[in-house]
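Following: one structure in structure tokens, then a few remarks.
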Amino acid sequence: MIDPDAPMFDPLWLRMLIVALPLLMSAYEFATGSVFWGALFGGVGGYMFHLFFLARVDRS
């Protein structure tokens, strides 16, 4: 399981990259007609967005 509160994930650019890569792959898969893989990568990207931006506890 991924711990979104780990110090490794503190940089904003890293969290954005982890979210953007599966969403970009999802867009590519949908564009090429692979609906299953597009939905799968879209789900992974959505889950990462939820973990890193909605459910993450800020350590300010």
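Computed from the coordinates by the stated procedures, all read-outs in this text should not be read as laboratory data. Bear in mind that the values here come from a model prediction, so they are computed numbers and not experimental data. Every residue, glycine as well, gets a Cβ built from its backbone with ideal geometry; the counts of neighbours run over all protein chains shown.
Of note:
- Extending 7 Å from the Cα toward the beta-carbon at both TRP13 and TYR28 defines two label points whose distance is 2.1 nm.
- To the nearest ten degrees, helix 35-49 and the longest principal axis of the Cα atoms of the chain are 10 degrees apart.
- Here is how the number arises for the chain: DSSP H runs of 4 or more residues each give -39500 (n - 2.57), the sum is divided by the residue count, and the result at 222 nm is -19500 deg cm²/dmol.
- Cα-based helix-to-principal-axis angle, 12-31 vs the chain, degrees rounded to 10: 10
- Between the labelled values (1) 18, 12, 11; (2) 26, 10, 7; (3) 21, 15, 10, the entry that holds semi-axes √(5λ) of the Cα gyration tensor in Å as derived from this structure is (2).
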